[in-house]
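Engineer: Supplied in structure tokens, the structure appears directly below.
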Amino acid sequence: MSIPTIGVVVFPGSNCDRDAAAAWTELGFGNVKMLWHQDTDLTGIDAIIVPGGFSYGDALRAGAVAAMSPVMDAVADFAADGGPVAGICNGFQILCEAGLLPGALTRNSGLTFVCKPTVLKVCTDDSPFLFEYEVGGNVIIPIAHGEGRYVCSPETLAELEENDLIAFRYAENPNGSLGDIAGIIGGPDRNVLGMMPHPERAVSEALGSTGGIPFFVSLAGAIQQTLNEVTVG
């Protein structure tokens, strides 16, 4: 059986890349390759996580400079070919800035940094990152951001609603996000996920929640299914 390998992007100044890598490996799902922001070779990578943590250039606008890094061109090609890509917190901001997901993340409505556990309603399980979640169920996953208020045009919101592209909603909106949106799906095969809450910080009772485990279980299962199909083919 092939061992899945995920790529975790590392930007100058980012601080959650190791958290994402540790969650994947400590749960026993496979290997991790850390991808420097100037890397463009994704050979052998089965999925990509664009992690949270303040990336360089966030003083201009969260994710705006990081979105122009060479690695993001490779990530865009990877996603266009159906590869699973998840952006967490700052990673969500970067995916929006890079055009991989619609809308934008703006300053929290209270204009303060918010860091706390949040209750999320699962809105869909139709994604490589979500199929282990129960639609309509609640999970607890922490947030830590100052620019997490999701906004988009009325037309985009209608498209997200009509096509079941909202992944999570906040049970109690902590940042003023339009429609209580905490995460959305995009990509040609619903293979791109952006979410502000941090699943990598919710993989152990010692951390206060296990609500992030289904995220990693889903991804591991999706990768293994793809690897099996390639082997059989």
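Engineer: Out of the residues in the stretch 61-94 that are touching a helix residue (DSSP H, G or I) at 6+ places or on another chain (Cβ under 8 Å) and within 17 Å of I6 (Cβ to Cβ), state the one that is surrounded by the fewest Cβ atoms within 10 Å (Cβ to Cβ). Outline the logic, then answer.
Structural biologist: First, the residues of the stretch 61-94 that are touching a helix residue (DSSP H, G or I) at 6+ places or on another chain (Cβ under 8 Å): 61-64, 66-67, 72, 84-88, 90, 94.
This time we only want the ones that are within 17 Å of I6 (Cβ to Cβ), so: 72, 84-88, 94.
Numbers: M72: 23, P84: 25, V85: 28, A86: 26, G87: 29, I88: 30, I94: 33.
Per the criteria, the residue is M72.
Engineer: Okay, moving on. Out of the stretch 30-60, which residues are open to solvent by 30 Å² or more (accessible area, probe 1.4 Å), charged (D, E, K, R), part of a loop (DSSP other than H, G, I, E, B) and over 23 Å from I185 (Cβ atoms)?
Structural biologist: Answer for the stretch 30-60, where residues must be open to solvent by 30 Å² or more (accessible area, probe 1.4 Å), charged (D, E, K, R), part of a loop (DSSP other than H, G, I, E, B) and over 23 Å from I185 (Cβ atoms): D39, D41.
Engineer: Does E147 satisfy the condition of being touching a strand residue (DSSP E or B) at 6+ places or on another chain (Cβ under 6 Å), among the acidic types (D, E) and open to solvent by 10 Å² or more (accessible area, probe 1.4 Å)?
Structural biologist: yes
Engineer: May I pose another question? Which residue is modelled with the lowest pLDDT, if the candidates are limited to the stretch 13-28 and must be part of a loop (DSSP other than H, G, I, E, B) and surrounded by 20 or more Cβ atoms within 10 Å (Cβ to Cβ)?
Structural biologist: Within the stretch 13-28, the first condition is being part of a loop (DSSP other than H, G, I, E, B), and the residues that meet it are 13-16, 27-28.
Applying the additional criterion that residues be surrounded by 20 or more Cβ atoms within 10 Å (Cβ to Cβ) yields 14, 16.
Numbers: S14: 84, C16: 94.
Restricting to residues being part of a loop (DSSP other than H, G, I, E, B) and surrounded by 20 or more Cβ atoms within 10 Å (Cβ to Cβ), the top hit is S14.
Engineer: Inside the stretch 18-39, can you point out the residues that are within 16 Å of F215 (Cβ to Cβ) and among the charged types (D, E, K, R)? Please lay out each step first, then the result.
Structural biologist: The initial filter retains those residues of the stretch 18-39 that are within 16 Å of F215 (Cβ to Cβ), namely 19-30, 32.
Within the stretch 18-39, D19, E26 meet the criteria.
Engineer: Now for a different question. Give the stretch 103-116 a look and list any residue that's open to solvent by 50 Å² or more (accessible area, probe 1.4 Å) and either on the phi < 0 side of the Ramachandran plot or modelled with pLDDT of 95 or more (or both), or say none. Quick ask: steps written out before the conclusion?
Structural biologist: Filtering the stretch 103-116 for residues open to solvent by 50 Å² or more (accessible area, probe 1.4 Å) gives 107, 109-113, 115-116.
Across the stretch 103-116, the qualifying residues are R107, S109, G110, T112, F113, C115, K116.
Engineer: Continuing with this model, one more query. Any idea how many residues of the stretch 198-225 are open to solvent by less than 10 Å² (accessible area, probe 1.4 Å) and free of Cβ contacts under 8 Å to residues at least 24 places away in the same chain?
Structural biologist: The number of residues fulfilling the criteria is 0.
Engineer: Can you tell me which residues in the stretch 127-138 are open to solvent by 40 Å² or more (accessible area, probe 1.4 Å) and within 12 Å of F168 (Cα to Cα)?
Structural biologist: First, pick out the residues of the stretch 127-138 that are open to solvent by 40 Å² or more (accessible area, probe 1.4 Å): 131-132, 134-136, 138.
Correct list: E134, V135, G136, N138.
Engineer: Go through F92, F78 for me and flag whichever is within 13 Å of E147 (Cβ to Cβ) and of a type in the set (A, V, I, L, M, F, W, C). Lay out the reasoning, then the answer.
Structural biologist: Numbers: F78 fails: within 13 Å of E147 (Cβ to Cβ).
Just a single option satisfies the conditions, and that option is F92.
Engineer: Here is a follow-up. Any residue in the stretch 70-99 that is farther than 20 Å from A167 by Cβ sitting within a Cβ distance under 9 Å of a residue that is in a loop (DSSP other than H, G, I, E, B) and of a type in the set (V, I, T)? List the pairs, counting only those 6 or more apart or interchain.
Structural biologist: That search, which allows pairs on different chains as well, returns P70/T40; V71/T40; D73/T40; A74/T40.
Engineer: If you don't mind, there's one more thing I want to ask. Applying the selection to the stretch 150-187, what residues are surrounded by fewer than 16 Cβ atoms within 10 Å (Cβ to Cβ) and under 22 Å from L207 (Cβ atoms)?
Structural biologist: A171, E172
Engineer: Related question: What are the pairs, 6+ residues apart or on separate chains, where a residue within the stretch 168-197 that is under 29 Å from D81 (Cβ atoms) and among the aromatic types (F, W, Y) has its Cβ under 8 Å from a residue that is open to solvent by less than 10 Å² (accessible area, probe 1.4 Å) and assigned to a loop (DSSP other than H, G, I, E, B)?
Structural biologist: Within 8 Å, the pairs are F168/P197.
Engineer: Continuing with this model, one more query. Evaluate the following for L100: is it in a loop (DSSP other than H, G, I, E, B), in contact with a Gly (Cβ under 9 Å, 6 or more places away or on another chain), open to solvent by 10 Å² or more (accessible area, probe 1.4 Å) and hydrophobic (A, V, I, L, M, F, W, C)?
Structural biologist: yes
The values are calculated or read from the model by the stated rules, or taken from the named source; none is laboratory data. Quantities reported herein were computed from a predicted structural model and do not represent experimental measurements. Quick reminder, even Gly has a Cβ in these numbers, built from the backbone with ideal geometry, and neighbours come from all protein chains shown. The accessibility values were calculated without ligands, DNA or RNA, using every heavy atom of the protein model including side chains. Shrake-Rupley method; radii C 1.70, N 1.55, O 1.52, S 1.80 Å.
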